[in-house]
Each structure stands twice: as structure tokens, then as C-alpha cells.
Amino acid sequence: MDINLSRPLVIFDIESTGVNAEHDRIVEISVLKIQPDGTSKSYTRRVNPEMPIPPSATAVHGISDADVAGCPPFAEIAPKLGEYLEDCDFGGYNLINFDVPMLEAEFRRSGIPFSMVGRQVIDVYNIFCKLYPRTLTAAYEFFCGKKLEDAHSADADTMATWEVLLGQIAKHPELPRTAAELAAFGNMQDPDALDRQRRFKWRDGDVIVNFGKNAGRLLKDIAENDPGFLRWIIRSDFPEDVKTIARDALIGKFPVR
């Protein structure tokens with residue numbers, strides 16, 4: 001084995017109802033436990049989130065309400081899972097931003113002690129980004145085979161961006177060719193988001209707040225019972241699309257999907 005381990009390393013991945021650790025729930029967890037001697041054992045467990053799985057989440061991982069109807073809730077598997085993860089380091093893809101916060105939140109809701117203190121966390125996504133930087137200079141060298149001279153000057157960056165796009169299309173013939181299709185391909189926006197910063201999202205046909213202390217609360221509930229929060233958004237440094245949603249909610253005008 002090419003990695004030297006002083007204690008077990010757990011590579012894990014979570015599928016969930018969404019990306020908000022405080023509101024969303026795990027629907028599946030897969031764990032690969034690698035011992036220092038190189039032996040390993042893996043298992044995958046589906047979990048009943050005790051809430052509806054949004055269609056947008058099912059479209060990502062393929063798990064529906066029917067698939068988890070007979071599965072145990074996380075609180076039921078939490079004690080044994082906590083023991084299994086004890087004294088282990090962690091690894092995963094983008095786990096620092098997603099999987100770890102989701103796991104911590106589920107353990108907290110279950111009342112089972114769980115701590116990341118003292119664990120080494122290997123995020124393969126972060127390693128990937130460091131090995132292959134996402135800067136224009138790196139993209140220009142990768143797709144065009146040339147060094148970018150005068151980087152960060154507007155004219156050089158503009159021409160380089162155009163050459164990179166042409167290089168991407170040449171290198172990946174599976175990419176679409178029209179502006180509309182390329183825009184759609186490159187759109188990383190959450191389909192449930194109402195604004196570009198994802199401050200408000202759709203959940204089960206209603207709009208919820210997706211940040212801060214009110215994360216998970218219905219917009220209609222806040223407009224009726226906590227309008228000061230919306231007034232704070234309007235007078236603070238939020239983008240105009242976020243402020244528009246807040247202004248409309250204060251006068252009883254809510255988005256319709």
C-alpha cells in the first residue's frame with residue numbers, strides 16, 4: 001500500500017435529501033474502512049430520513065421515498081456507526097464542505113457523541129484542485145499548450161478565455177456547440193435555488209431560507225412572524241435578487257413554482 005497509515009482510514013460518502021446540514025437528512029452512507037496493514041472492509045446502508053426526499057435530490061442519487069421506506073432512521077444506526085468510526089481518520093471527496101458537516105449534524109440530532117477533534121481529514125477534492133489549479137493561467141496551459149503572457153491584463157485574459165473555450169471544445173467533442181447548450185452545460189446553479197447565492201430555495205413546493213439562524217424556515221412563516229429578518233436583508237449588502245424576494249414577501253407576494 002502506497003499510503004502509510006498509523007490508524008484506520010475511513011473513506012465515506014453520503015447521499016442526502018439536500019445540502020443543508022441543519023435541515024436535510026442522510027438517505028445513504030457508504031463506508032470503506034482501510035486498516036494500517038492494507039486490509040479493508042466496506043458497507044453501504046440506506047437510511048430513512050423521516051422527511052420527503054425532494055425530486056431534485058432523487059434526480060441526483062436515484063433514491064426515492066419508496067427505496068428508504070423500510071430502512072432505519074439515522075438515530076437507530078448512530079450508536080454502532082459511532083463506535084465503528086472511533087479512532088479513525090477520514091477521507092472523501094469534498095467531505096470537508098458537505099459529508100462531514102452532514103454527519104456531525106446527524107449525530108448531534110441523535111444525541112450520540114461524535115467529534116472530529118484529533119482526526120486527520122483527507123479531502124480528495126482539495127488535493128485535486130491543488131494538483132490541477134482552476135486558474136485561467138492553468139487552463140490556458142492545459143487546453144492550449146502555451147504559457148499565458150501578461151496574465152491579469154484584461155486584453156490578454158479575454159483572448160485567453162476565448163482560446164480556452166475553443167480548446168475545451170476541441171479536446172472534448174462531446175461538448176455541445178451552441179451558446180445556449182454550452183451555458184446550460186456550465187450552469188452549476190442548484191435547480192432548487194431562487195437566487196444566485198442560494199439564500200432562498202424551494203422545498204416541497206414552498207420557499208425556505210437557506211442561510212443563518214433561520215435556515216430551513218418557510219419564507220411565509222418569517223414574513224408573518226419575523227418580518228424584521230426580511231427588513232434586515234433589504235437594508236444589508238445582499239444582491240438585488242435576494243432583496244427583491246424579501247421585499248415581495250413583506251407585502252405578501254411569494255414566488256410560485
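Every number here is computed from the coordinates shown, using simple stated rules; none is lab data. Quick caveat, the model's predicted, so the values are computed rather than measured. As a convention, Cβ positions derive from the backbone with ideal geometry for all residues, glycine included, and neighbour counts pool all protein chains shown.
Taking only the C-alpha atoms of the chain, the Rg (one decimal) and the largest Cα-Cα distance, Dmax (whole number), read 22.4, 64 Å. Would you mind pulling out the separation of the Cα centroids of segment 183-217 and segment 28-51, in Å? Taking the Cα centre of segment 28-51 as reference, the centre of segment 183-217 is 30 Å away. Is any residue of segment 6-32 close enough, with backbone N under 12 Å, to a label point placed 7 angstrom from the Cα of Asp67 along the Cα-Cβ axis, and if so, which? Residues 15-17, 27-29 qualify, since their backbone N sits under 12 Å from the label point.
Determine the calculated [θ] at 222 nm for the chain from helices alone, applying -39500 (n - 2.57) to every DSSP H run no shorter than 4 residues and normalising by the residue count; nearest 500 deg cm²/dmol. Write down the numbers at each step before the final one.
On the way: 11 runs with 103 residues, N = 257.
Theoretical 222 nm ellipticity from helices: -11500 deg cm²/dmol.
Calculate the dipole size of segment 162-257 relative to its Cα centre from +1 charges on Lys and Arg beta carbons and -1 charges on Asp and Glu beta carbons; express the result in debye to the nearest 20. Mind dumping the intermediate values first?
Values: 16 positive and 15 negative charges, 52 e Å.
The dipole of segment 162-257 has a size of about 240 debye.
Build a GNM of the chain with springs between Cα atoms under 10 Å apart, and of Arg198, Arg109, Arg177 the one that fluctuates most is Arg177. Summarising the label geometry, the points placed 7 Å from Cα in the beta-carbon direction at Gln168 and Lys41 lie 4.5 nm from one another.
Span-like helix check, the chain: qualifying full DSSP H segments, with Cα axial length of 18 Å or more and mean Kyte-Doolittle of 0.0 or more, are 154-171. Ranked from largest, the principal axis spans of the Cα set of segment 132-185 equal 31, 20, 16 Å.
If you average 1/r over all unlike Cα pairs in segment 156-202 and invert the result, what Kirkwood radius do you get in angstrom? Don't skip to the answer; put the middle values down first.
Numbers: mean 1/r = 0.0790 Å⁻¹.
It is 12.7 Å.
In plain terms, the chain from Thr244 to Glu50 could stretch by 66.5 nm, reckoned as 0.36 nm per residue minus the Cα-Cα distance. Convex hull volume of the C-alpha atoms in segment 9-127, normalised per residue: 109 Å³.
Here the label points at Met159 and Gln189, each 7 Å from Cα along the C-beta direction, are separated by 3.3 nm in the simple model. Residues of segment 44-65 with the amide nitrogen closer than 18 Å to a label point 7 Å from the Cα of Val124, along Cα-to-Cβ, please. Zone members listed by number: 44-45, 61.
Report the charge-dipole magnitude of the chain in Debye, nearest 20, computed about the Cα centre from +1 at each Lys and Arg Cβ and -1 at each Asp and Glu Cβ. Intermediate results must be reported in sequence, preceding the final value.
On the way: 30 positive and 39 negative charges, 83 e Å.
That gives the chain a dipole magnitude of about 400 debye.
In this simple spin-label approximation, Glu181 and Trp232 carry label points 7 Å from Cα along the Cα→Cβ vector, and these lie 4.7 nm apart. For segment 42-54, 3J(HN,Hα) computed residue by residue from phi via the Karplus equation (6.51, -1.76, 1.60; θ = phi - 60°) reads 10, 8, 10, 9, 8, 10, 7, x, 6, 7, x, 8, x Hz, glycine and proline entered as x.
The value of relative contact order for the chain, using C-alpha pairs under 8 Å at least six residues apart, is 12 percent. Within the straight-line cut-off of under 15 Å between alpha carbons, the aspartates and glutamates reachable from Lys171 are Glu141, Glu163, sequence neighbours fewer than 8 places apart in one chain being disregarded.
Percent of Cα-Cα pairs more than 13 Å apart in segment 214-257, please.
Working: 461 of 946 pairs.
The calculated P(r) of segment 214-257 puts 49 percent of pairs beyond 13 Å.
The length gained by stretching the chain between Phe142 and Arg196 to full extension, at 0.36 nm per residue less their Cα-Cα distance, is 16.5 nm.
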